[in-house]
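The values are calculated or read from the model by the stated rules, or taken from the named source; none is laboratory data. What you are looking at is a predicted structure, and each value in this text was computed from that prediction instead of being measured. Using ideal geometry, Cβ is built from the backbone for each residue, glycine included, and neighbour counts are taken over all protein chains shown.
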2 protein chains.
Amino acid sequence: MTTAFPTASTDRELERGQVLAPRFDANGLICAVTTHAGTGEVLMVAWMNAEALRLTLDTGFAHYFSRSRQALWKKGETSGQLQQVVEVRVDCDQDAVLLKVRPQGDGGACHVGFRSCFYRVVEGGALVERD
Amino acid sequence: MTTAFPTASTDRELERGQVLAPRFDANGLICAVTTHAGTGEVLMVAWMNAEALRLTLDTGFAHYFSRSRQALWKKGETSGQLQQVVEVRVDCDQDAVLLKVRPQGDGGACHVGFRSCFYRVVEGGALVERD
């Protein structure tokens, strides 16, 4: 398995090209936003290195890279909350990817126990839980 | 205007607390995902420093921090694509924020001319534009 991705050489290639040329940051990571393929709800934001992105594309299950553990991470491997990937998108300057997934297991995505990691709203400067 | 935010001292405060305690990275930035308040579509991923987050909360219009220009950026100030903020959420470990916005101007969010920055799908390893 090759994990390497090409680099776009012009803005036009980057923005309108047909070649997936993700722009990983100085730490070799790219931001991944994961939404529920059925509802569109934003479930989580995480990070991918080239290997995680490659595994996600090749296996059809979401893989990420844990910055705190500095390790590749197959989502749900321990929790059962595997994420079956329905669609992968990339943004205009290819420094972020968008996954549309079907969460497996209990259907959740957040280690705290909520369906989505974004279970708190900022209201009047304070956080209010609202599932 | 104070731009400073507090720091959570325990995981419980971070994950279940009522205090907004965003965790900016080593560059002082936090990831922001912006969705359309009406359709839920993911429009863009960008970055905020503390000042951008504070201005977003205080003014009700999305502000970001441009990594390439190293400058605060009020979305739409030149393009007219201002983003009126309907809701701000934060994720479990407070290292990402989610904005639900009503795009102004022509209703778009992407400088390339699409409604969303995520106008390309990965199909068979190649990128296909699909608005």
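Only residues that are facing another protein chain (nearest Cβ under 9 Å) and more than 17 Å from A:GLN70 (Cα to Cα) were counted across the range A:33-54, and they come to 7.
Pairing each residue of the range B:35-53 that is assigned to a loop (DSSP other than H, G, I, E, B) with any residue that is buried (at least 17 other Cβ atoms within 10 Å of the Cβ), provided the two are 6+ apart or on different chains, yields C-beta distances under 6 Å for B:ALA37/B:LYS100; B:ALA37/B:VAL101; B:GLU41/B:SER116; B:ASN49/B:LEU29; B:ASN49/B:PHE65. For B:ARG120, the conditions (1) surrounded by fewer than 23 Cβ atoms within 10 Å (Cβ to Cβ); (2) more than 24 Å from A:ARG120 (Cα to Cα) all hold with the exception of (1).
The residue list A:THR59, A:THR10, A:THR35, A:THR39 contains one member that is modelled with pLDDT of 95 or more and surrounded by 13 or more Cβ atoms within 10 Å (Cβ to Cβ), which is A:THR35. Selection of the range B:93-131 for residues being touching a Ser or Thr at 6+ places or on another chain (Cβ under 9 Å) and β-branched (Val, Ile, Thr) yields B:VAL97, B:VAL101. Mind listing whichever residues of the range A:60-102 are touching a Phe, Trp or Tyr at 6+ places or on another chain (Cβ under 7 Å) and of a type in the set (D, E, K, R)? Within the range A:60-102, A:ARG67, A:LYS74, A:LYS75, A:ARG89, A:ASP91 meet the criteria. With respect to (1) away from every other protein chain (no Cβ under 13 Å); (2) in contact with a helix residue (DSSP H, G or I) (Cβ under 8 Å, 6 or more places away or on another chain); (3) of a type outside the set (Phe, Trp, Tyr); (4) not in a loop (DSSP other than H, G, I, E, B), the lone exception for B:GLY28 is condition (4).
Counting only strands (runs of 3 or more DSSP E) that sit completely within the range A:56-128, those holding 1 or more residues that are under 30 Å from B:ARG115 (Cα atoms) and away from chain B (no Cβ under 13 Å) correspond to A:63-66, A:83-90, A:96-103. Would you confirm, using the coordinates I've provided, whether B:ALA21 is assigned to a loop (DSSP other than H, G, I, E, B), small (Gly, Ala, Ser) and touching a Phe, Trp or Tyr at 6+ places or on another chain (Cβ under 8 Å)? Here the answer is yes, as B:ALA21 does meet what is asked. Taking every residue in the range B:75-104 that is within 19 Å of B:PHE24 (Cβ to Cβ) and touching a residue at least 12 places away in the same chain (Cβ under 8 Å) and pairing it with any residue that is of a type in the set (Lys, Arg) and crowded, with 17+ Cβ neighbours inside 10 Å, at least 6 positions away or on another chain, the pairs with Cβ-Cβ distances below 9 Å are B:VAL88/B:LYS100; B:VAL90/A:ARG120; B:CYS92/A:ARG120; B:GLN94/A:ARG120; B:VAL97/B:ARG89; B:LEU98/B:ARG89; B:LEU99/B:ARG89. The lone criterion from (1) out of contact with any Ser or Thr (no Cβ under 7 Å at 6 or more places or on another chain); (2) within 13 Å of chain A (Cβ to nearest Cβ); (3) under 22 Å from A:MET44 (Cβ atoms); (4) not acidic (Asp, Glu) left unmet by B:THR10 is number (2).
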